[in-house]
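**Student:** Just dropping this structure here.
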Amino acid sequence: MVMMTHYYFYVLYTADGYFYGGFTNNLAKRLATHEAGKGAKFTRVKSRHPLQMIHSESFDTKHEALHAEAMFKQLTRQQKEAYLVLKGVSEDIWH
């Protein structure tokens, strides 16, 4: 039996009001890494904690997940908010 690996694009919302987009093949482990201050440089800043994972999408390939992350990071703040609302994330998180 072949186990299919899934890759994920995810969005964190920081305590100081920023969105952080990333990718992983294990959402729980990646969030724990960020929360431990061992993730990306951006999320290591103590004022950004606690972090909330507010959105994730599953992909069959690493390429697709990386592409989704790259596209998200190119959006303006307003475009990121609109994208997240379109994906079912409540605006109450950042308002």
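Values quoted throughout were computed directly from the atomic coordinates according to the rules given, and no laboratory measurement underlies them. Everything numeric in this text was worked out from a predicted model, so none of it was measured. Counting neighbours? That spans all protein chains shown, and the Cβs are built from the backbone with ideal geometry, glycine included.
**Student:** Using the Karplus equation 6.51 cos²θ - 1.76 cosθ + 1.60 (θ = phi - 60°), what ³J(HN,Hα) coupling, rounded to whole Hz, does each residue of region 60-67 give in order, writing x for Gly and Pro?
**Tutor:** Result, ordered by residue: 7, 10, 4, 4, 5, 5, 5, 5 Hz.
**Student:** Per residue, what volume in Å³ does the convex hull of the Cα atoms of the chain enclose? If you can, show how the numbers build up before the last one.
**Tutor:** Values: hull volume 9.8 nm³, N = 95.
Expressed per residue, the convex hull around the Cα atoms of the chain is 103 Å³.
**Student:** Counting only pairs 8 or more residues apart or on different chains, how many lysine pairs in the chain have their Cα atoms under 26 Å apart?
**Tutor:** Final tally of qualifying lysine pairs is 20.
**Student:** Which one, H34, H67, H55, has the greatest fluctuation when you compute a Gaussian network model over the chain with C-alpha springs under 10 angstrom?
**Tutor:** Its mean-square fluctuation being the largest, the pick is H67.
**Student:** Something else: Magnitude of the Cβ-charge dipole of the chain, K/R +1 and D/E -1, about the Cα centre, nearest 20 debye? Please report the intermediate quantities before stating the final value.
**Tutor:** Values: 12 positive and 9 negative charges, 97 e Å.
Dipole about the Cα centre, nearest 20: 460 debye.
**Student:** With the contact rule set at Cα under 8 Å and sequence spacing of 6 or more, what percent relative contact order holds for region 7-93?
**Tutor:** 34
**Student:** Once amide H atoms are placed 1.01 Å from N in the peptide plane, what residues at a sequence separation of 5 or more from H55, or on another chain, have their amide H within under 5 Å of its amide H?
**Tutor:** Here the answer is V11, since their amide H atoms fall under 5 Å of that of H55.
**Student:** So for L86, L31, L51, fewest C-beta neighbours within 10 Å to most, what's the order?
**Tutor:** In increasing order of surrounding Cβ atoms, one gets L86, L51, L31.
**Student:** Just subtract the alpha-carbon distance of K46 and A70 from 0.36 nm times their residue separation and send over the number in nm, one decimal.
**Tutor:** 6.2 nm
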